[in-house]
Amino acid sequence: MIIITKELGNRIRELRQQTGLSQEKFALKIGMDRTYFASVEAGKRNIAIINIKKIADGLNVSLSELFKGI
């Protein structure tokens with residue numbers, strides 16, 4: 001499980017950085033606590049699918065695109 005959470009966190013970070021938004025601004029945009037979002041990007045959370053969907057929507061990507069390469 002640890003590997004997948006790290007890979008997903010890295011993928012989310014990569015896509016968020018492409019938007020030009022900081023963790024704080026992105027978390028605010030999707031209605032998520034910044035510290036929670038930071039722990040997701042760090043791969044320290046086993047995140048619920050509903051929150052994965054919020055992140056994908058905030059990044060304007062499909063779930064399949066979010067998981068691409070993982």
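For first residues located in region 10-23 and closer than 18 Å to Ile70 by Cα and of a type in the set (A, V, I, L, M), partners that are at pLDDT 95 or above and open to solvent by less than 60 Å² (accessible area, probe 1.4 Å) and lie 6+ apart or on another chain with Cβ distances below 8 Å form the pairs Ile12/Val40; Ile12/Glu41; Ile12/Ile55; Ile12/Leu59; Ile12/Leu66; Leu15/Leu59; Leu15/Val61; Leu15/Leu66. Please go through region 46-67 and pick out each residue that is closer than 15 Å to Arg16 by Cβ and surrounded by fewer than 11 Cβ atoms within 10 Å (Cβ to Cβ). Matches in region 46-67: Asn60 only. The combined condition, being in contact with a Gly (Cβ under 7 Å, 6 or more places away or on another chain) and either aliphatic (A, V, I, L, M) or without any contact (Cβ under 8 Å) to a residue 12 or more places away in the chain (or both), is not fulfilled by Ile50. When Gly43 is tested against the conditions (1) in a loop (DSSP other than H, G, I, E, B); (2) open to solvent by 70 Å² or more (accessible area, probe 1.4 Å); (3) not aliphatic (A, V, I, L, M), the lone failure is (2). Restricting region 13-40 to residues that are in a helix (DSSP H, G or I) and of a type in the set (A, V, I, L, M, F, W, C) leaves a set whose member that is most open to solvent (accessible area, probe 1.4 Å) is Leu28.
The values are calculated or read from the model by the stated rules, or taken from the named source; none is laboratory data. Note that the coordinates shown come from a computational prediction; the quantities given were computed from them, not determined experimentally. As a convention, Cβ positions derive from the backbone with ideal geometry for all residues, glycine included, and neighbour counts pool all protein chains shown. These area figures cover heavy atoms from the full protein model, side chains too; ligands, DNA and RNA do not enter into them. Shrake-Rupley method; radii C 1.70, N 1.55, O 1.52, S 1.80 Å.
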